[in-house]
Amino acid sequence: MNAGATTGRVHEALRRQIMERIFRPGERLDPALLAKNLASSATPVREALHILTGEGLVEARAGTGFHVPHLDEPGLKDLYAWSADLVAAAIASWPPQLAPERPNMQNLSRSNMADNVAGIFLRIARLSCNSEHDRAMHMLNMRLHAVRTVENQAIAQCESELQSWREALHNRERSALRRINGTYHRRRRRAAAAILRALYRAD
């Protein structure tokens, strides 16, 4: 396996581990230890950590190396506000005429809540006439994934919210999607402190 392929493999593995909360917020990421666990040399691991830093999933601190970022309440509220703005911008950039989706909505239920939400938001972004919405949503989904895995510990009726998203997206109901978007993100901004408590106490 060449160096580029190894870096790609390590990057994907570390990204998934961070998103699935294998590492705790603030935890130091030791390249030598990670290399051993990932059957790699340290160089591809460092390269992957730099890529993850650019994606916002890792932070590089002078003198102490790489860490999983801490997330505080103002920062989480900002992420939710950006998510709401991005969804709204994507919907506003949809072409005038969109046919309803084919009836395959239940495919999403096979994965977890965080993946379901990410999939819905990506589908909204990919209907936009502006390809930058897709790129921005992909990055934001990665940064919010770990948080979304614990939202249901602080917010009730997440499943019914998800179904509302699915139905409105399936039918391309823009006004309904805008309303759901506003309600969904306001609830999470109000519950940001409780969501963070669930995140930091999660195993």
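The values are calculated or read from the model by the stated rules, or taken from the named source; none is laboratory data. Predicted, not measured: the structure shown is a model, and the values here were computed from it. Ideal geometry is used to build each Cβ from the backbone, glycine not excepted, and the neighbour counts take in all protein chains shown. Only protein heavy atoms, including side chains, enter the accessible area calculation; ligands, DNA and RNA are left aside. Shrake-Rupley method; radii C 1.70, N 1.55, O 1.52, S 1.80 Å.
Before moving on, here are some points about what is shown:
- Among the numbered conditions (1) more than 18 Å from the chain's Cα centre (by Cα); (2) closer than 30 Å to Arg187 by Cα, the only one that Ser40 does not meet is (2).
- Counted residues, the stretch 43-78 - those being farther than 23 Å from Arg9 by Cβ and hydroxyl-bearing (Ser, Thr, Tyr): 1
- Test for His50: is it free of Cβ contacts under 8 Å to residues at least 60 places away in the same chain and either under 16 Å from Arg21 (Cα atoms) or within 15 Å of the chain's Cα centre (by Cα) (or both): no
- Among the candidates Arg143, Arg148, Arg126, residue that is free of Cβ contacts under 8 Å to residues at least 12 places away in the same chain and at negative phi: Arg126
- Selection of first residues in the stretch 183-203 that are touching a residue at least 12 places away in the same chain (Cβ under 8 Å) and of second residues that are open to solvent by less than 70 Å² (accessible area, probe 1.4 Å) and aromatic (Phe, Trp, Tyr), restricted to Cβ pairs under 8 Å at least 6 apart or on distinct chains, gives the following pairs, ordered by first then second residue: Tyr184/Trp165; His185/Tyr80; Arg188/Tyr80; Arg189/Tyr80; Ala192/Tyr80.
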